[in-house]
1. Pick from the stretch 144-163 the residues that are small (Gly, Ala, Ser) and outside any helix (DSSP H, G or I): which of them is surrounded by the most Cβ atoms within 10 Å (Cβ to Cβ)?
2. For Arg76, work out the one condition from (1) out of contact with any Phe, Trp or Tyr (no Cβ under 6 Å at 6 or more places or on another chain); (2) more than 9 Å from the ligand (Cβ to nearest atom); (3) over 23 Å from Val235 (Cβ atoms); (4) touching a residue at least 12 places away in the same chain (Cβ under 8 Å) it doesn't fulfil.
3. Condition test on Gly65, is it on the phi > 0 side of the Ramachandran plot, free of Cβ contacts under 8 Å to residues at least 40 places away in the same chain and of a type outside the set (Phe, Trp, Tyr)?
4. Any residue in the stretch 122-143 that is more than 21 Å from His40 (Cβ to Cβ) sitting within a Cβ distance under 8 Å of a residue that is basic (Lys, Arg) and at pLDDT below 95? List the pairs, counting only those 6 or more apart or interchain.
5. Any chance you could count how many residues in the stretch 41-65 are surrounded by 15 or more Cβ atoms within 10 Å (Cβ to Cβ) and either of a type in the set (Val, Ile, Thr) or over 26 Å from Val151 (Cβ atoms) (or both)?
6. Quick check on my filter: what residues within the stretch 119-138 are surrounded by fewer than 17 Cβ atoms within 10 Å (Cβ to Cβ) and not small (Gly, Ala, Ser)?
7. Could you list, in sequence order, the residues of the stretch 193-213 that are surrounded by fewer than 20 Cβ atoms within 10 Å (Cβ to Cβ) and either of a type in the set (S, T, N, Q) or on the phi > 0 side of the Ramachandran plot (or both)?
8. With the requirement that a residue be away from the ligand (no atom under 11 Å from the Cβ) and among the acidic types (Asp, Glu), what does the stretch 34-65 give you?
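The values are calculated or read from the model by the stated rules, or taken from the named source; none is laboratory data. Bear in mind that the values here come from a model prediction, so they are computed numbers and not experimental data. Quick reminder, even Gly has a Cβ in these numbers, built from the backbone with ideal geometry, and neighbours come from all protein chains shown.
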Amino acid sequence: THFGYRDVPVGEKQKLVGEVFSSVASKYDVMNDLMSFGIHRIWKRYFVATAQVKRGDRVLDLAGGTGDIAVLLKNRVGDAGEVVVGDINGDMLRVGRDRLTDRGLVRGLDWVQCNAQALPFPDASFDLVTIAFGLRNVTDKDAALREMNRVLRPGGQARVLEFSQVTADWFRPLYDFHSFNVLPKLGAMIAGDEGSYRYLAESIRKHPPQRELQGMMEAAGFVRSGYRNLSNGIVAIHTGYRA
Ligand code: SAM
């Protein structure tokens with residue numbers, strides 16, 4: 001890859017998040033299917049299908065993990081385009097790269113271990129920056145949003161796909177039961193790690209809801225920011241543009 005690595009201080013939360021994802025890396029994909037009944041695949045497809053991107057574009061997928069979003073993005077930018085997968089966790093990147101190598105899907109993908117809060121890329125170097133199910137794990141979200149803005153070219157789009165606040169009252173008890181009872185038990189059974197999945201459920205509840213995140217994107221410098229709820233607000237897609 002054309003980019004160097006930059007050393008960044010690792011805070012306490014970052015360390016915890018690191019342990020969580022190292023622990024779940026090998027079971028990450030199957031757990032996503034089980035936890036969301038496979039629906040995460042539909043959210044991800046919709047997220048990429050509605051992104052502002054064209055053939056030949058250069059795209060950064062932050063917190064890219066095992067590469068789900070990157071593969072979808074690669075189809076959209078084509079052979080002339082380039083997708084950089086940035087993630088702080090080497091284990092997640094390794095699982096992703098191995099999996100995509102097995103499927104013969106490595107050309108035009110770059111894997112860069114980096115912290116979203118301090119990106120090792122020059123200003124205005126991407127046409128699109130995405131982050132899916134990643135922002136809530138970042139310690140300093142404002143810094144990450146500012147960095148996303150910085151590395152975008154003027155007019156370029158940032159997209160955030162993240163768990164958000166459920167909008168329908170009737171749905172909330174079901175959703176809470178799933179998150180705090182079913183999910184940690186699934187984690188214990190499948191990944192042998194109940195604690196990590198309890199952390200995930202808690203991190204979803206602590207994440208800023210739709211309006212607040214929109215305000216944070218504006219504060220980070222994005223213009224024309226907006227969001228769209230999917231599945232009753234279980235997740236939301238936020239967009240903003242570099243001025
Ligand atoms: N985007 C992938 C997907 O949708 O399947 C992976 C999402 S996974 C739930 C969250 C990812 O965020 C993990 O791979 C984790 O290592 C990464 N992450 C957490 N904190 C980060 C940070 N500060 N900078 C970059 N990546 C980070």
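1. The selected residue is Ala158.
2. Unmet for Arg76, out of (1) out of contact with any Phe, Trp or Tyr (no Cβ under 6 Å at 6 or more places or on another chain); (2) more than 9 Å from the ligand (Cβ to nearest atom); (3) over 23 Å from Val235 (Cβ atoms); (4) touching a residue at least 12 places away in the same chain (Cβ under 8 Å): (3).
3. no
4. Thr139/Lys13
5. Number of matching residues: 3.
6. Pro122, Asp123 - these are the residues of the stretch 119-138 that are surrounded by fewer than 17 Cβ atoms within 10 Å (Cβ to Cβ) and not small (Gly, Ala, Ser).
7. Selection gives Ser203, Gln210.
8. Scanning the stretch 34-65 gives a single hit, Asp57.
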